[in-house]
Amino acid sequence: MSVIVPSVKLSEAATNDTLLAEQLRDDPVFRALWERTTLARAIAAAIVRYRAEHGLTQRDVATRLNMTQPQVARLERGDVNPNMDTLMRVTGGLGIEFVINIRPSGTEAQLITPPALTRHAVGHVSTASVDVLIAVTEASPPGGSREGPERPGLQSRRHL
């Protein structure tokens, strides 16, 4: 059996971004799912990037996170938002820092650094009521390249 595929010039083919924009505009169910899984996709991208940059397999990552390889595969699919325990495992096991900023739509971020807003931002979604930004970077060691000293009182708030 053969399949006939119509010929399309590459210059006329729709890009992934174009197709995604159309689906987000035209399909409210897809848009709701896309907005709901912004965090999941950002975490998935961070883990995949980390694995690629460090030459690791999913099994290697699973060992570092005290998880199974199928659990890492589910994280990398990005279709389910991870819980706080999972985020803490990823941060502790891989040394990845996450910043999740959720604020009322149309307001300026007050608690996030300029680098997180620009070069480290990996996920963003705006709804009628909220803006969500996710930023990711590998954590700096103590005394490393972080900007400024730790603020007084921050340590007492770590155990919420």
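Of everything in region 49-59 that's over 14 Å from Gly93 (Cα atoms) and not in a loop (DSSP other than H, G, I, E, B), which residue is modelled with the highest pLDDT?
Ala52
Taking the options Ala14, Ala21, name whichever one is part of a helix (DSSP H, G or I) and out of contact with any Cys (no Cβ under 7 Å at 6 or more places or on another chain).
It is Ala21.
Starting from residues that are exposed (fewer than 10 other Cβ atoms within 10 Å of the Cβ) and over 23 Å from Leu94 (Cα atoms), keep the ones in region 116-148 and report whichever is modelled with the highest pLDDT.
If we take residues in region 116-148 being exposed (fewer than 10 other Cβ atoms within 10 Å of the Cβ) and over 23 Å from Leu94 (Cα atoms), then Ser129 is modelled with the highest pLDDT.
Can you find a residue in region 60-67 that is closer than 22 Å to Leu33 by Cα, part of a helix (DSSP H, G or I) and more than 14 Å from the chain's Cα centre (by Cα)?
Taking every residue of region 60-67 in turn, none turns out to be closer than 22 Å to Leu33 by Cα, part of a helix (DSSP H, G or I) and more than 14 Å from the chain's Cα centre (by Cα).
Residues in region 91-103 that are under 17 Å from Leu39 (Cα atoms) and either touching an Asp or Glu at 6+ places or on another chain (Cβ under 9 Å) or not in a strand (DSSP E or B) (or both): how many?
6
So in region 68-84, with the set limited to residues that are within 18 Å of Val99 (Cβ to Cβ) and surrounded by fewer than 18 Cβ atoms within 10 Å (Cβ to Cβ), which one is nearest to the chain's Cα centre (by Cα)?
Asn81
Which of the residues spanning region 22-59 are under 19 Å from the mean Cα position of the chain (by Cα) and of a type in the set (Gly, Ala, Ser)?
If the condition is that a residue be under 19 Å from the mean Cα position of the chain (by Cα) and of a type in the set (Gly, Ala, Ser), then Ala32, Ala40, Ala42, Ala44, Ala45, Ala46, Ala52 are the ones that fit.
For Pro28, which of the numbered conditions (1) closer than 23 Å to Glu138 by Cα; (2) exposed (fewer than 13 other Cβ atoms within 10 Å of the Cβ); (3) modelled with pLDDT of 90 or more fails to hold?
(1)
The values are calculated or read from the model by the stated rules, or taken from the named source; none is laboratory data. Everything numeric in this text was worked out from a predicted model, so none of it was measured. FYI the Cβ positions are ideal-geometry reconstructions off the backbone, even for glycines, and counts take in every protein chain you see.
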